[in-house]
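Beneath this line is the structure, given in structure tokens, with notes to follow.
The values are calculated or read from the model by the stated rules, or taken from the named source; none is laboratory data. Note that the structure is a prediction, hence the values are computed from the model and not measured. Here the Cβ is made from the backbone with ideal geometry for all residues, glycine too, and neighbour counts use every protein chain on show. Please note that ligands, DNA and RNA were not included when accessible areas were found on the heavy atoms of the full protein model with its side chains. Shrake-Rupley method; radii C 1.70, N 1.55, O 1.52, S 1.80 Å.
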Amino acid sequence: MKKILIGFVALIGVLVLVVSMKTVTYPWKMQVQVPPIEPLELDADVMASHWAEAVRFKTISHQDPEDNDPNELLAFHRWLQKTYPTAHRVLKRETINEHSLLYSWEGNDPSLEPVIFLAHMDVVPVQPGTEDRWTYPPFAGIVSDGFIWGRGTLDMKGILVGIMEAIEHKVALGHQPRRTIMLSFGHDEEIGGRNGAVKIAELLKSRGVRLKWVIDEGSAITQGIIPGTGVPNALVGIAEKGYVTLELIACGKAGHTSMPPYDTAVTRLARAITKLQKNPFPVSMEEPVSQMLDTLGPELPFTARAALANRWLFGPLIAPALSRWYRSNADASKGINALFRTTVAPTMLQGSSKENVLPIKTRALVNVRVHPRDTIQSVLEHVRELFKDDPNVTVKIHSDSTLVSDPSPISGTDTEGYRTIERTVREVFPEAVVTPYLVIAATDSRHFGQLAEGIYRFGPFVLSPEDLKRPHGTNERISVEGFADVVRFYTRLIDNIGG
């Protein structure tokens, strides 16, 4: 027994030594070192007034296109021409499918493939009944208390206006980029981009345009989002999740509610949703999340670094820990959970047309964000497998979904596009740790996948956990100085393109 105990202690000692050595010597991805640059002097108040004006255009994309007002988009087009006259004298502008815009700023080296900046002009509606919860009316475009308030400040007129401010500034200085820079401003991103970004991508493909790389929205510089890191994290999306909405349909017998059976179509649907919730997709740490962890590792406490550097040992423990944390309803767990698995979210329910009639059929819509390890087909098979023994429940893809898309390919980090963005972030936000990231939402960039060497998703906003609730929510806003940094980022990015 004594020999066994000594052997056990020795084994533990060797294990601790191996774990420690691997933690210390693990090949963490280090941050690029760049010389400091002087912050660009800008008139932040004038730029903020431009941004506030942009917010006042109600370029809303409603679920039902009949509710949209195209005159607001056309008025916004005219505003861009009036507000950025120097850029419009130099850049070629095309109107695509009546309401989207494509700009081209010719570079001085035609042998280089162009890059394209993406943004969208449309915004989501304000949820009816919540207007009085806004500090200022959502489309008033108010500048107050050091912030610009209104729908679209974060998603994503802020980026669009920031791009135009930067280009107006550079053109006024006589700058010409080495590589052609294109701008794609879609008008219907919030409902899938079928008539905006899709049409622009199709046009470029028909012209034989091959893009070096693409930059779009999708992530930001976060503070306090990822537990254990004490520095801002600049999350550069190198892939994004797929998107599909499923219909769960449960059937039962019609009848009068005064004599209900024990089991009804409603109870069957409720059980189906509960079963779906209790059988989540598995957690794992493939790319691009593994790359994110390898970049953040040096910023984490030793115990977290040890777990990440020794996944051969601790890997099986990480998934259950994440699942328990998520089920605790901790705020920070929602975003972390979404990085590691395909997620499902029941959003809409439909039952009887009358309160005292038992329905024959009930329906739930379940929105699924598909991890790059999965596909829409594998998601459908997984969910159907859960209900294979229940003839009263069927599963299909929702035919009226605004978007059905598999996960995007994963773009490289050892590329000109990623390195240019990384360098620019480090120059403008020197405290930030730049890391690859999986975008958990959907963007217009997915429509450019066949045209580009790499697609990157990054918005130069510094966001707190509270700020992450504002896009598509209440009291959307950005600080005046934060917007100035957006302009500084795009101005410097233009300098670095092709350099």
request  = Find how much the distance from residue 98 to residue 312 grows on full extension, using 0.36 nm per residue of separation minus their present alpha carbon separation; answer in nm with one decimal.
outcome  = 71.6 nm
request  = For the chain, give the share of DSSP beta bridges that are antiparallel, in percent and rounded to the nearest 5; count only bridges with both residues there.
outcome  = 65 percent
key: Built amide H within the under 5 Å cut-off of residue 97, gap 5+   = none
ask   = Which whole DSSP H helices in the chain pass both tests: a Cα extent of 30 Å or more along the axis and a mean Kyte-Doolittle value no lower than 1.6?
value = 2-25
ask   = Quick one: what Rg and Dmax do you get for the stretch 1-144 from the alpha carbons, in Å?
value = 28.4, 87
inquiry  = 5 Å is the cut-off here: which amide hydrogens, built 1.01 Å from N in the peptide plane, fall below it relative to residue 434, excluding neighbours closer than 5 in sequence?
reply    = 234
ask   = Using mean Cβ contacts within 10 Å as the protection proxy, how do 78-90, 94-106 order, highest first?
value = 94-106, 78-90
task = May I ask you to work out the translational diffusion coefficient for the stretch 169-306 at 10 °C, viscosity 1.306 mPa s, via Stokes-Einstein with Rh from the Kirkwood sum over Cα pairs, reported in whole µm²/s?
result = 74 µm²/s
remark   = Rounded to the nearest 10 Å², the accessible area of residue 22 using a 1.4 Å probe with every protein chain kept is 90 Å²
ask   = By a straight-distance test (C-alpha under 21 Å), which lysines pair with residue 170 as possible cross-link partners, with residues fewer than eight away in the same chain excluded?
value = 82, 92, 157
remark   = Whole-Å distance linking the alpha carbon centroid of the stretch 122-192 with that of the stretch 73-104 is 14 Å
request  = Give the carbon-plus-sulfur fraction of the accessible surface of the stretch 1-146 in %, rounded to a whole number; probe 1.4 Å, heavy atoms of protein chains only.
outcome  = 59 percent
Per-peptide average of other Cβ atoms within 10 Å, ordering 193-204, 264-275 highest first = 193-204, 264-275
message = Give me, ordered by chain and number, the residues 5 or more places off residue 456 or on other chains with an amide H under 5 Å from its own placed amide H.
response = 214, 215, 216
query = Quick one: Kirkwood hydrodynamic radius for the stretch 205-248, alpha-carbon pairs, angstrom, one decimal?
reply = 14.4 Å
For the stretch 116-244: rounded, prolate or oblate by the Cα gyration tensor [a/c cutoff 1.5] = rounded
ask   = With charges set only on the Cβ (+1 for Lys and Arg, -1 for Asp and Glu), what does the dipole of the stretch 117-195 come to about its Cα centre, in debye to the nearest 20?
value = 420 debye
inquiry  = What are the equivalent ellipsoid semi-axes of the stretch 434-494, built from the alpha-carbon gyration tensor (square roots of five times its eigenvalues), in whole angstrom, biggest first?
reply    = 23, 17, 11
remark   = the stretch 332-409 -> Rg/Rh from Cα coords, Kirkwood Rh, value 1.03
ask   = Between the stretch 423-489 and the stretch 196-240, what's the alpha-carbon centroid distance in Å?
value = 8 Å
request  = Loop only per DSSP, at most 10 neighbouring Cβ atoms within 10 Å: give me the trypsin sites (Lys or Arg not before Pro) in the stretch 359-413, ordered by residue number.
outcome  = 388
Dipole of the stretch 51-90, positive end: most advanced residue of 57, 75, 90 [Cβ charges, Cα centre] = 90
key: Space enclosed by the convex hull of the alpha-carbon atoms of the stretch 347-455, per residue, Å³   = 171 Å³
key: Debye-sum result for the stretch 257-411 in log10 I(q)/I(0), which assumes one identical scatterer on each alpha carbon, at q = 0.20 Å⁻¹   = -1.34
key: Using θ = phi - 60° and Karplus 6.51 cos²θ - 1.76 cosθ + 1.60, couplings along the stretch 445-450 (whole Hz; Gly, Pro as x)   = 4, 4, 7, 9, x, 7
inquiry  = Counting heavy atoms of the protein chains only and a 1.4 Å probe, report the per residue accessible area for the stretch 372-499 as a whole number of Å².
reply    = 39 Å²
inquiry  = Which three numbers, in whole Å and largest first, are the semi-axes of the equivalent ellipsoid of the chain derived from its Cα gyration tensor as √(5λ)?
reply    = 39, 35, 21
Gyration tensor verdict on the stretch 88-146 (Cα atoms; rounded if a/c is under 1.5, prolate if a/b is larger than b/c, oblate otherwise) = prolate
